[in-house]
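**Student:** Following this message is one structure expressed as structure tokens.
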Amino acid sequence: MNETILEMTGISKSFGTVQALKEANLCLKKGEVHALMGENGAGKSTLMKILTGIYEKDSGKIVYDGNDIEYKNPKEAMDAGIVIVHQELNMINHLSVAQNIFIGRESMKGIFTDDSDINKKTRDLFERLNMVIDPKEKVGHLTVGKMQMVEIAKAISMNAKIVVFDEPTAALTESEINELFKIIMDLKQQGIGIVYISHRMDEIKKITDQVTVMRDGEYVGTIDTKKSTKDEIIDMMVGRVIYEEPKQHSEVAEDAEVVLSVKNLSLGNKVKDLSFDLKKGEILGVSGLMGAGRTEMARLIFGADEKESGEIFIHNQQVTINQPKDAVEHGIGYLSEDRKQFGVIVGMSVENNIVMTNVDNYVSGGLINDKKINETSNKFIDMLGIKTPSAHQLIRNLSGGNQQKVVIAKWLEQDSDILIFDEPTRGIDVGAKSEIYELMTELTKMGKSIIMISSELTEILRMSDRIMVMCEGRKTGEVDISEATQEKILHYATMREAVV
């Protein structure tokens, strides 16, 4: 199956004065899994949106299945067999699985939809793809992983010849990722060409045949996955060396002040009798498998959810936190794992996002002091290296890494001393990750203390001074970074008994 099914050459695209793509290339063969990689803002999504008719290219050539093409909209591309499985799933929760797959293409019996026929078609489709999902189940009752499978099935039902996966594993469990990989290998055997966009280097090495790298909207090169190393791919992506060596020892003095104490924190089966301390200048890594209760713990501390029992002490003084406003007043900032829902307001500017939790400080005599807001925002833009044309730029136009920096700026503007980072680098490329890591280290040098929740063991070992491991709502282990290994962390992550 070495026949080329897609060739994009010299693709350029500008949005006003911003050049998003410049002479970009991509060549895909039938039955090939082809990784498309690059930092956030490298142009990967723009290239795929041009392929699928969402954007119109300024110049260049696209040859698909031997024909020059330029689709005017996504429907034209889908009808031709080019489909994207988006990271943000496009499902209608109150409809059944079968209804979602065949929406707009329903079988009819007179003037009525023939549900029995689309259920049968869906069953046949799932059998072909080795999926075990009830066609009649409401999509809203499925896990994110199962929803992803339904999206894939929908793509295949359109007789897809090319499937583009955009960060498909970002919200999946390990078992769901393995299921996805089996399906991808099955599609590969059927001769379907697959473009796989991901920042997860281990996945790229495991699942792909070729890697095309983009940087700043330009084509860098294409290499054979098996013949390349992780460092070579990273070097192509960022043009600089990225260090990800584990931390060897804690940077925090043994007698450092305890800034936060959590005692016997509980909320049903989600968080069970949890106690721990956080020291000044410390990064406390919180590890555990899906459902361990890590995010639930963070939300209780921040007052986003109401605890059933437990006490919270800040600088040895017991505090009452019933809502996020209370937490903010006590110097706690929370960077949610879902930054677009809870971290930033994408329709607002960078500067308004930075000051929004403290806007009263910028009002005088009933008037907003725009000059003061702009000055403060530019101070944090410079301090954190936020890449934006100006403080007036809308957040939605920034890359994921820079959006995350804006969230950090928001809590620094509040002068928060305790920062909870929940999956701080999820969906962020390797270069931006390194910048976030450097920033977190700098924050601790400023005396800030960080609780870092992460599902990536390499990140936990790279950044933590001390690691707390959770399983099913309990603390099952605590280890100094000098003694931490992946094996030890996973051992604690699968223990069901709380540590004494």
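The values are calculated or read from the model by the stated rules, or taken from the named source; none is laboratory data. The model shown is predicted, which means the values in this text are computed figures rather than measured ones. Here Cβ is always computed from backbone atoms with ideal geometry, including for glycine, and neighbour counts include all displayed protein chains.
**Student:** Give segment 361-386 a look and list any residue that's surrounded by fewer than 20 Cβ atoms within 10 Å (Cβ to Cβ), under 21 Å from L439 (Cβ atoms), at pLDDT 85 or above and of a type outside the set (D, E), or say none.
**Tutor:** If the condition is that a residue be surrounded by fewer than 20 Cβ atoms within 10 Å (Cβ to Cβ), under 21 Å from L439 (Cβ atoms), at pLDDT 85 or above and of a type outside the set (D, E), then N378, K379 are the ones that fit.
**Student:** Across segment 461-481, which residue is farthest from S250 (Cα to Cα) among those that are buried (at least 21 other Cβ atoms within 10 Å of the Cβ) and among the hydrophobic types (A, V, I, L, M, F, W, C)?
**Tutor:** Checking each candidate, the answer is C471.
**Student:** Then there is this: Could you tell me which residue of segment 24-74 is farthest from the chain's Cα centre (by Cα), considering only residues that are modelled with pLDDT under 95 and of a type in the set (F, W, Y)?
**Tutor:** By that ranking, first place goes to Y71.
**Student:** Report yes if some residue within segment 109-120 is aliphatic (A, V, I, L, M), assigned to a helix (DSSP H, G or I) and assigned by TED's automatic domain parsing to the domain that holds L51; otherwise report no. Break it down into steps so the answer makes sense when it comes.
**Tutor:** First pass over segment 109-120, keeping only residues aliphatic (A, V, I, L, M): 111, 118.
Now narrow it down to the ones that are assigned to a helix (DSSP H, G or I): 118.
Next, from what is left, pick out any that are assigned by TED's automatic domain parsing to the domain that holds L51: 118.
Within segment 109-120, one or more residues are aliphatic (A, V, I, L, M), assigned to a helix (DSSP H, G or I) and assigned by TED's automatic domain parsing to the domain that holds L51.
**Student:** I want to confirm something. Restricting to segment 387-405 and keeping residues that are hydroxyl-bearing (S, T, Y) and either in contact with a strand residue (DSSP E or B) (Cβ under 6 Å, 6 or more places away or on another chain) or at pLDDT 85 or above (or both), which single residue is surrounded by the fewest Cβ atoms within 10 Å (Cβ to Cβ)?
**Tutor:** Going residue by residue through segment 387-405, those that are hydroxyl-bearing (S, T, Y) are 388, 390, 399.
Cutting the leftovers down to either in contact with a strand residue (DSSP E or B) (Cβ under 6 Å, 6 or more places away or on another chain) or at pLDDT 85 or above (or both) gives us 388, 390.
Values: T388: 20, S390: 12.
By that ranking, first place goes to S390.
**Student:** Here's something else I'd like to know. Please name all residue pairs, on different chains or six or more residues apart, with Cβ atoms under 6 Å, provided the first residue is in segment 180-204 and is within 20 Å of K230 (Cβ to Cβ) and the second residue is in a helix (DSSP H, G or I).
**Tutor:** Going by the 6 Å Cβ cut-off, the qualifying pairs are F181/I207; I197/K44; M201/K230.
**Student:** Here is a check on your reading of the model: is K188 among the basic types (K, R) and either outside any loop (DSSP other than H, G, I, E, B) or under 25 Å from the mean Cα position of the chain (by Cα) (or both)? Spell out how you get there, then give the answer.
**Tutor:** Numbers: among the basic types (K, R): yes; either outside any loop (DSSP other than H, G, I, E, B) or under 25 Å from the mean Cα position of the chain (by Cα) (or both): yes.
Answer is yes for this residue.
**Student:** Among the numbered criteria (1) within 18 Å of the chain's Cα centre (by Cα); (2) of a type outside the set (F, W, Y); (3) within 25 Å of F380 (Cα to Cα), which one does M446 miss?
**Tutor:** The number of the failed condition is (1).
**Student:** Residues in segment 129-147 that are modelled with pLDDT of 80 or more and not in a strand (DSSP E or B): how many? I'd like the intermediate steps shown before the answer.
**Tutor:** The initial filter retains those residues of segment 129-147 that are modelled with pLDDT of 80 or more, namely 131-142, 146-147.
Still in the list and also not in a strand (DSSP E or B): 131-137, 139-142, 146-147.
So the count comes out to 13.
**Student:** Moving on. Identify the single condition in (1) on the phi > 0 side of the Ramachandran plot; (2) without any contact (Cβ under 8 Å) to a residue 40 or more places away in the chain that N361 does not satisfy, given that it satisfies every other one.
**Tutor:** Of (1) on the phi > 0 side of the Ramachandran plot; (2) without any contact (Cβ under 8 Å) to a residue 40 or more places away in the chain, only one is false for N361: (1).
**Student:** Quick check: is even one residue across segment 280-290 of a type outside the set (D, E), buried (at least 16 other Cβ atoms within 10 Å of the Cβ), assigned by TED's automatic domain parsing to the domain that holds D417 and over 30 Å from M446 (Cα atoms)? Before the answer, list the steps.
**Tutor:** We begin by selecting, within segment 280-290, every residue of a type outside the set (D, E); these are 280-281, 283-290.
Pick out the ones that are also buried (at least 16 other Cβ atoms within 10 Å of the Cβ) and you get 280-281, 283-289.
Among the residues that remain, those that are also assigned by TED's automatic domain parsing to the domain that holds D417 are: 280-281, 283-289.
Now drop any that are not over 30 Å from M446 (Cα atoms), which leaves 289.
Among the residues of segment 280-290, at least one is of a type outside the set (D, E), buried (at least 16 other Cβ atoms within 10 Å of the Cβ), assigned by TED's automatic domain parsing to the domain that holds D417 and over 30 Å from M446 (Cα atoms), which makes the answer yes.
**Student:** Being in a loop (DSSP other than H, G, I, E, B) and more than 24 Å from D202 (Cβ to Cβ) is the filter here; which residues of segment 151-180 pass it? First the steps, then the outcome.
**Tutor:** Let us first name the residues in segment 151-180 that are in a loop (DSSP other than H, G, I, E, B), namely 158-161, 167-173.
Selection gives M158, N159, A160, K161.
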